[in-house]
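A short reminder: the numbers here are calculations on the coordinates, not readings from a lab. Bear in mind that the values here come from a model prediction, so they are computed numbers and not experimental data. Heads up, the Cβs are rebuilt from the backbone with ideal geometry, glycines too, and the neighbour counts pull from every protein chain shown.
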Amino acid sequence: MEQKKKIRISTMQIIAVGFVLIIIIGALLLSLPAASKDNIRIPFLDSLFTATSALCVTGLVIYDTYTQFTLFGQLVILVLIQIGGLGFMSMAGMIFLMIGKRIGLRERGLLMETMSTIQIGGVVKLLRKIIIITFSIEIIAAALLSIRFIPVLGTAEGIYYGIFHSVSAFCNAGFDLMGVFSPKSSLVGFNTDILVNIVVMSLIIIGGLGFIVWDDLMNNKLRFSKYRLHTKIVLIGTAALIIIPAIIFYFLENNNTLEGMTFGQKILASVFQVITPRTAGFNTVDTGALSEGASFLTIILMIIGANPGSTGGGIKVTTLFVIILTIKAYITHAHDLNIGGKRLEDYVPRKAFSITAIYLILASFASFLIMSTQSFALKDAMFESVSAIGTVGLSTGITSELNIVSKIVVILLMYCGRVGSLTVMSAFAGDKVKPNIRNMEEKIVIG
């Protein structure tokens, strides 16, 4: 009797399918009457959109979170944000550790993929560190934010607001409850509040550094020379992508959205508005009122995003670095990608260019579909598409006006952006066995 072949599910397929299942569960919960303040079910597509936005830590919203959802609905969103920020396998690993269940080799492989770690050894130890760091930072930040919210909202609600926005900011989600003051206003009402701005920006940056960087910083403290090459690139790249764009944003918006502010407030707003596109989704100025130049700058920052193994999205800072290094190597006729006395692996440039190309192609095609089905301007459609695939959450204000086709397009973009467009495609492409015999080379003209 012929033995049936076992169906082998790859790590990438488990991650891709796992996200889909959690999104569906979240959507079903948000579509319950108990989740809405008017006790009426919202359309399933809208609940699916909201659940995807929460789990994929994006922040694009059809409904104002405070105005539409009850405490139950808000907590569902908050749980989805936390799961999405850490990765569902990290959350599953946390539960395993709490109940004393052994984490096997297969689970370790999944954790390695989820956290974007370089090696499988020590992945459980790293998971413990991540859990401790995450909740410690979120608790401290929640306490600091509560200082500002309690006088305005009362003790219980102020603490709750502190917790919600701490988790949302750390996970780079961009969901807010500021509808209590003005619907869909994000943090515009706190654009001059130093405490709120500093805490939220710090959370975004820390959450976007990546788990590998956290581990390196904890092990080597302030000894920069001891850091991994990855950590050095992330830290330098992150600093450069804050300082340079902030100066550009200041001059672009000085007489526009920053008008009427003091010099110090303008600096604060400029720094916030270049940190949030990578990839948090909060805003302290009206995004829809940005000049063309500032909008384009924001789109570029949304595409770049945060860092590998972090709570943020985008093509990642390290990907941008590899692309720049590859271009430099090509111009200077260098055979290898050398940096800091080290040589990068040969597959790295191909992966970097593939990720970037897929992101740009998907964002462009999605923008075309949105414009084809609705009469939105190119800037608005592109901004929305890039924000979705970069899991940012910033919008020029068209999210609630999206039709069925556009909503489905944006849902798919958010999913691909969080799970990883390359991961999604690789998950269902199947494994290719390396052939023993290769085809003959043929030349084509490029450029």
So, with points 7 Å from each Cα along the Cβ direction, the residue 125-residue 247 label distance in nm works out to 4.2 nm
Rank these for me by crowding, 440, 261, going from fewest to most other beta carbons within 10 Å.
440, 261
Might you report the magnitude of the Cβ-based charge dipole of the chain about its Cα centre, with Lys and Arg at +1 and Asp and Glu at -1, to the nearest 20 debye?
1920 debye
At a Cα cut-off below 20 Å, give the aspartates and glutamates reachable from residue 316, other chains included and same-chain residues fewer than 8 away excluded.
113, 215, 216, 345, 346, 384
Per-residue ellipticity at 222 nm attributable to helices in the chain (runs of n ≥ 4 DSSP H, -39500 (n - 2.57) apiece, nearest 500 deg cm²/dmol) works out to -20500 deg cm²/dmol
Given pairs 328/443; 37/184; 125/221; 379/407; 226/342 and cut-off 21 Å on Cα-Cα distance, the over-length ones are 328/443
Fewest to most neighbouring Cβ within 10 Å: what's the order for 347, 250?
347, 250
Filter the chain for me: DSSP H helices, axial length by Cα at least 27 angstrom, mean Kyte-Doolittle hydropathy not below 1.6. List them by residue number.
11-30, 123-153, 229-253
Go through (1) 148; (2) 202; (3) 131 and flag the label whose value is the computed volume of the Cα convex hull per residue in Å³ for this structure.
(2)
How would you order 383-394, 184-195 from highest to lowest mean count of nearby Cβ atoms within 10 Å?
383-394, 184-195
Rounded to the nearest 0.05, FRET efficiency between residue 220 and residue 40 (Cβ-Cβ, R0 45 Å) equals 0.25
Can you sort 442, 157, 259 by how many other beta carbons sit within 10 Å, fewest first?
442, 259, 157
